[in-house]
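> Below: one structure in structure tokens.
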Amino acid sequence: MAEFVGIDPAGARRLITSMDDAVQRARTLRPSLSASIAEAGTDWPAGPGAEALDGVGRFLDETRRDLTWRIQTIERVEGATSQGGLRAAEFAFGDAEAARTAGTLAGKRTLAAWQAYQRDPSVQNWEKVQEALREGKGKTVDAAYSAGLLTTLGTGAFAGIFAAVSVRNQNDARGYSPVDLAKAKKDLGPLAEAFASTDAAGTLPKELRDRALGDLPIADMAALLGLARQSREFLVQAGTALAQRSGHREDEEDWNTYWLVKALSQNGEATQELLASGDNATLLLRPEVVNDGGRPGFKKLLATALDKALAPGAGAATLRRDAWINVIKVFGDKTAWPSLLPEPSKLEYFPPLDGQPSDKRYLPGDTKVIPVPSPIGQVLARHISQYFPELAVVWSREHDSLPVAPGEGWRNLDAESVVNFFGGLLRDPAALSPLRSGYGDFLEDLDLGKEHPFGNASTEEGREGQRRAFYDKAVRAGALASLFFSGLHEADLDAEETRKFTVEFLFLPLDALVGGWAGHLLADSVLAGAAASKAVDLTWKNTLQDEIENFLDEGSPEEASDLVDVLVDGQLSAFNASRESHGQPPLGESDLRQLKDIFYGRLEPVLEAALRVRGG
């Protein structure tokens with residue numbers, strides 16, 4: 001008989017914790033109470049003794065088990081209503097004992113039907129197997145029912161049924177297609193859900209779990225992921241096995257990896273753990289897996305999985321960091337870059353309405369190719385800024401004298417890998433906006449203008465502290481810009497895109513300095529691509545942009561210092577003008593020379609190296 005249940009799982013778990021504490025206190029108190037009663041002898045009044053605590057403990061244990069069963073069940077019921085943390089649904093059984101008894105009987109019927117089919121594999125006998133399997137629909141969300149079912153059915157029958165259904169429904173060499181799995185779900189869906197619910201509750205028979213991760217065909221393992229929401233632990237273990245067999249082969253679509261990625265897209269913590277361990281990130285993000293175009297929505301599913309695992313605050317901080325380091329290493333290898341490329345999308349060209357400008361490159365009816373940003377690249381470009389401080393230190397460790405070592409985990413990452421990672425991202429122009437936005441936030445947090453570059457405190461000790469703080473911030477700002485700029489030239493974009501990105505990146509660190517002294521938000525300057533001080537006319541930038549563009553096309557590495565001279569001189573002039581416009585005295589010549597040396601050292605080596613890469 002169905003029973004209506006409404007429960008707040010989070011609140012119920014807190015209540016279970018309180019019950020466990022009460023049981024523990026009762027067990028601790030019982031020996032002392034019993035000894036005190038014995039010592040009191042006849043002075044102890046008639047009535048319950050220490051055994052009363054045993055009754056309290058039994059009551060709390062029974063209540064805790066019942067509440068746990070209800071939580072586990074309602075969290076798996078499809079279509080359960082939810083409002084303000086409260087979930088409500090109809091349960092097929094009134095308690096766990098009734099559910100397990102019903103599951104045991106269902107297991108006996110299913111096993112009998114399967115054994116009859118093995119003796120006589122007729123159509124009629126197979127239909128009886130199907131009838132027994134489908135009886136569990138809606139019931140196997142109950143872990144108690146499922147434990148009775150699977151324990152009675154046995155591991156051999158479970159695997160045999162999966163194999164028989166596969167013969168009838170799987171038409172692809174490398175797993176079930178979505179159409180085929182939808183057909184198989186009528187028979188296998190209840191069994192897969194039984195596996196998932198008991199595994200989540202810790203009652204899945206060990207032999208069956210070992211069989212699923214060991215001897216079960218890889219397509220059946222993937223089907224378990226596609227048919228039901230499996231536990232995090234099983235998803236990670238099965239995912240590791242599936243990742244080792246992933247990748248496009250000849251004309252075969254890799255549906256097994258599709259079901260893995262779809263399951264990961266619904267479980268960010270499992271994705272995080274999978275990426276953080278072994279070679280899984282390399283296997284899942286390589287181009288032959290990502291760019292297998294025959295699976296609809298695969299890239300978006302993979303991007304969703306990455307988003308849930310890599311976003312700031314997602315999951316465990318250590319696992320997220322380790323997952324990110326592995327992802328950076330993957331794209332630190334240029335052979336993985338094709339996984340980040342935008343996809344071309346062809347649209348028919350229609351001329352604009354009268355009076356609107358027309359694109360003369362196209363005629364009515366022509367198609368024009370518009371690149372669609374890589375969903376994977378967009379996720380990485382949007383979330384990598386959380387680690388900009390650590391990546392700046394990785395660069396500085398190899399190129400500067402910043403006396404700061406990379407933090408835990410980052411020591412195994414080299415600057416070349418980080419440069420190539422940004423290079424892979426920047427092959428898609430859509431990555432520039434989120435990277436630039438994140439860099440603006442990074443600079444705003446640094447607050448370059450807070451300390452006087454050369455100190456203006458009343459004591460030498462105070463001035464030295466200001467100088468050290470400013471230099472440290474300048475190195476970090478320049479280090480990150482250097483990573484961007486070096487990555488840009490590793491990306492080897494066409495000339496037009498390179499000129500656009502180069503001007504953006506070369507101006508970033510010094511614009512931030514101007515913005516800090518002018519008292520404007522860095523976001524206003526960096527993200528808008530203009531100088532922060534509204535009182536300063538930076539029209540010299542237009543001329544400088546032309547010089548940069550020409551230089552990148554025609555210059556040689558040996559001439560890099562000439563361009564940086566022009567760039568730094570112009571920015572320092574703007575810096576002084578900014579101070580004057582706010583009533584502050586300009587820096588003296590010696591201070592300006594020292595400031596120039598600091599920023600010259602940030603830009604000249606990077607620009608020279610970039611030109612060498614481009615063959616200038």
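The values are calculated or read from the model by the stated rules, or taken from the named source; none is laboratory data. Keep in mind it's a predicted model, so treat the numbers as computed, not measured. Every residue, glycine as well, gets a Cβ built from its backbone with ideal geometry; the counts of neighbours run over all protein chains shown. Just the protein is used for accessible areas: all its heavy atoms, side chains included, with ligands, DNA and RNA removed. Shrake-Rupley method; radii C 1.70, N 1.55, O 1.52, S 1.80 Å.
> For region 229-255, give me the residue count where each residue is under 27 Å from K139 (Cα atoms) and open to solvent by 10 Å² or more (accessible area, probe 1.4 Å).
7
> Could you run through region 256-279 and say how many residues are open to solvent by 10 Å² or more (accessible area, probe 1.4 Å), farther than 18 Å from V330 by Cβ and in a helix (DSSP H, G or I)?
7
> One residue is enough: does region 347-368 have a residue meeting the conditions among the hydrophobic types (A, V, I, L, M, F, W, C), at pLDDT 70 or above and out of contact with any Phe, Trp or Tyr (no Cβ under 9 Å at 6 or more places or on another chain)?
Looking through region 347-368, none of the residues is among the hydrophobic types (A, V, I, L, M, F, W, C), at pLDDT 70 or above and out of contact with any Phe, Trp or Tyr (no Cβ under 9 Å at 6 or more places or on another chain).
> Still on this structure, I have one more. Looking at L413, L432, which one is closer than 16 Å to F484 by Cβ and either open to solvent by less than 70 Å² (accessible area, probe 1.4 Å) or at pLDDT 75 or above (or both)?
Details: L413 fails: closer than 16 Å to F484 by Cβ.
Checking each option against the conditions leaves just L432.
> While we're on this one: Being part of a helix (DSSP H, G or I) and more than 25 Å from R119 (Cα to Cα) is the filter here, so list the residues in region 145-181 that pass it.
Y145, S146, A147, P178, V179, D180, L181
> A further question on this structure: Give me the pairs, please: first residue somewhere in region 5-24 and over 17 Å from E62 (Cα atoms), second residue anywhere and open to solvent by 20 Å² or more (accessible area, probe 1.4 Å) and among the basic types (K, R), beta-carbon distance under 7 Å, and either six or more positions apart or on two chains.
Between residues of region 5-24 that are over 17 Å from E62 (Cα atoms) and residues that are open to solvent by 20 Å² or more (accessible area, probe 1.4 Å) and among the basic types (K, R), the close pairs are V5/R70; I7/R70; I7/R87; P9/R87.
> Restrict the check to region 254-263 and report whether at least one residue is aromatic (F, W, Y) and either under 23 Å from F422 (Cβ atoms) or within 10 Å of the chain's Cα centre (by Cα) (or both).
no
> Only residues that are part of a loop (DSSP other than H, G, I, E, B) and under 17 Å from S339 (Cα atoms): list them for region 413-446, please.
R427, D428, listed by residue number.
> Is one or more of the residues making up region 182-191 part of a loop (DSSP other than H, G, I, E, B) and without any contact (Cβ under 8 Å) to a residue 24 or more places away in the chain? Spell out the reasoning first.
In the first step, residues of region 182-191 are kept if they are part of a loop (DSSP other than H, G, I, E, B); the result is none.
No: zero hits.
> Identify, please: which residue in region 118-141 is closer than 30 Å to A201 by Cβ and without any contact (Cβ under 8 Å) to a residue 24 or more places away in the chain and is, among those, nearest to the chain's Cα centre (by Cα)?
E131
> Something else: Kindly provide the set of residues from region 142-177 that are in contact (Cβ under 8 Å) with a residue 60 or more places away in the chain and farther than 27 Å from D95 by Cβ, ordered by number.
A159, F162, D172, A173, R174, G175, Y176, S177 - these are the residues of region 142-177 that are in contact (Cβ under 8 Å) with a residue 60 or more places away in the chain and farther than 27 Å from D95 by Cβ.
> Also: If you go through region 296-328 one residue at a time, how many are assigned to a loop (DSSP other than H, G, I, E, B) and either farther than 15 Å from S374 by Cβ or open to solvent by 50 Å² or more (accessible area, probe 1.4 Å) (or both)?
Result for region 296-328: 7.
> Restricting region 129-178 to residues that are of a type in the set (V, I, T) and modelled with pLDDT of 90 or more, which is surrounded by the most Cβ atoms within 10 Å (Cβ to Cβ)?
T140
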